[in-house]
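> This is the structure, below, for whatever I ask next.
The values are calculated or read from the model by the stated rules, or taken from the named source; none is laboratory data. Given the structure is predicted, the values throughout are model-derived calculations rather than measurements. As a convention, Cβ positions derive from the backbone with ideal geometry for all residues, glycine included, and neighbour counts pool all protein chains shown. Protein only, heavy atoms only, side chains kept; ligands, DNA and RNA dropped before computing areas. Shrake-Rupley method; radii C 1.70, N 1.55, O 1.52, S 1.80 Å.
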Amino acid sequence: MTTTSPFAADPSAVRGAITPLVTPFTGDGELDLAAIKPLVDWQLEQGSHGISVGGSTGEPTSQTVAERIEVMRAAAAAIAGRVPVLPGTGSALMAETLELTAAAQRLGAAAALVVTPYYGRPQQEGLFRWYSRVAAEFPELPIIVYNVPVRAAVEIAPSTVGRLRRAHENIVGIKETTRDFEHVSYVLDEAGRDFIALSGIELLCYPMLCLGGAGHLSCVANFAPRPVAELYDAFVAGDHERARRLHYDLHPLVDAAFAETNPVPAKWVMRELGLIPSEHAREPLAPLGQAPRERVRGLLARSPHVDLPVAVA
């Protein structure tokens, strides 16, 4: 299946609040592809500027390659060219990464989000060669490096990012999921300030924009997309006071989303809101515990952006 999109292979479209969508599963752990279109429609009604699937929030390491491609296909069909799609296509295995990236290209991705290969802890030369091969295999597809050392156990150095940018025209950006805020500043210094920098840390979304970032992927957008999108909209409109206010409004929502391992709390909140039929997260993740549920309820009660139904004993 090939999908056409007005944003296909267009890195200039990778901007704003791009929701890293959860992967819906049924109660017994099967893919719930039917739940994707209503989620996408709601996201776009709420103002999200793009959709990403297959990132950390989407539980990619708990799915087969075939399942990940099914999710990509369902999301691209649901989006139907209305906004850019930014699929996560990385894996710890090169053959899988190439297969997933080829699928993303066929489906009209604006760019492919390729995570640093996890667990193996490659050297910087290994990372350079890894990304060089992906970029060379897909010269017409923009590639965005995904730096997430807390999950991958390796960090790509700013100098390596700059070297990749100089070597490959289609390596166009980075998603930074590190609390080392100096890292992105060094990346932009090495790779150029026109390099696409996306924040993957929720409370660094606003500061990233101040440094020249292009937008953010926040798991909070799964259950509160409007304030996440409005933060970006306010910033680009020059309303920094409103952008800062939304930044601080998001604090309790971020704490709720990370009350346990992402995406377990987000899925529970989404089920409570009626956005997905099941909160199921695949093994090795466990359901949200009772104490964290109460903490999440208390945190969301502090926010004007999420209205959970009253708990019934």
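> Go through the range 134-154 and report how many residues are part of a loop (DSSP other than H, G, I, E, B), open to solvent by 10 Å² or more (accessible area, probe 1.4 Å) and either β-branched (Val, Ile, Thr) or touching a Phe, Trp or Tyr at 6+ places or on another chain (Cβ under 8 Å) (or both).
Looking only at that region, the number is 2.
> Turning to a different aspect of this structure: Looking at the structure I just gave you, is His216 out of contact with any Lys or Arg (no Cβ under 6 Å at 6 or more places or on another chain) and in contact (Cβ under 8 Å) with a residue 40 or more places away in the chain?
yes
> How many residues are under 17 Å from the mean Cα position of the chain (by Cα) and either free of Cβ contacts under 8 Å to residues at least 24 places away in the same chain or crowded, with 24+ Cβ neighbours inside 10 Å (or both) if we restrict to the range 77-95?
So the answer is 8.
> When you check Leu198 against the structure, is it open to solvent by less than 20 Å² (accessible area, probe 1.4 Å), in contact (Cβ under 8 Å) with a residue 60 or more places away in the chain and either in contact with a helix residue (DSSP H, G or I) (Cβ under 8 Å, 6 or more places away or on another chain) or not hydrophobic (A, V, I, L, M, F, W, C) (or both), yes or no?
yes
> Look through Thr61, Thr26, Thr19 and report the one residue that is in contact with a strand residue (DSSP E or B) (Cβ under 9 Å, 6 or more places away or on another chain) and either crowded, with 24+ Cβ neighbours inside 10 Å or under 23 Å from Ala266 (Cβ atoms) (or both).
Residue meeting the stated conditions: Thr19.
> Hey, can you tell me all the residues within the range 64-76 that are surrounded by 16 or more Cβ atoms within 10 Å (Cβ to Cβ), over 16 Å from the mean Cα position of the chain (by Cα) and among the small types (Gly, Ala, Ser)?
Ala74
> Return only the number of the condition from (1) of a type in the set (Gly, Ala, Ser); (2) closer than 22 Å to Pro11 by Cα; (3) open to solvent by less than 30 Å² (accessible area, probe 1.4 Å); (4) more than 14 Å from the chain's Cα centre (by Cα) that Ala167 does not satisfy.
Unmet condition: (3).
> Let me ask something else about it. So which residues in the range 201-222 are open to solvent by less than 10 Å² (accessible area, probe 1.4 Å) and either under 10 Å from Ala17 (Cβ atoms) or out of contact with any strand residue (DSSP E or B) (no Cβ under 9 Å at 6 or more places or on another chain) (or both)?
Scanning the range 201-222 gives Cys205, Gly215, His216, Leu217, Ser218, Val220, Ala221.
> Could I ask something else about it? Does at least one position in the range 29-47 carry a residue that is more than 20 Å from Leu141 (Cβ to Cβ), open to solvent by 50 Å² or more (accessible area, probe 1.4 Å) and among the basic types (Lys, Arg)?
yes
> Same structure, new question: Can you name every residue in the range 1-43 that is without any contact (Cβ under 8 Å) to a residue 60 or more places away in the chain and assigned to a strand (DSSP E or B)?
Scanning the range 1-43 gives a single hit, Leu31.
> Of all residues in the range 45-62, which are closer than 17 Å to Glu230 by Cβ and either of a type in the set (Lys, Arg) or part of a loop (DSSP other than H, G, I, E, B) (or both)?
Gln46, Gly47, Ser48, His49
> Can you tell me how many residues in the range 113-133 are out of contact with any Ser or Thr (no Cβ under 6 Å at 6 or more places or on another chain), in a helix (DSSP H, G or I) and either open to solvent by less than 10 Å² (accessible area, probe 1.4 Å) or not hydroxyl-bearing (Ser, Thr, Tyr) (or both)?
6
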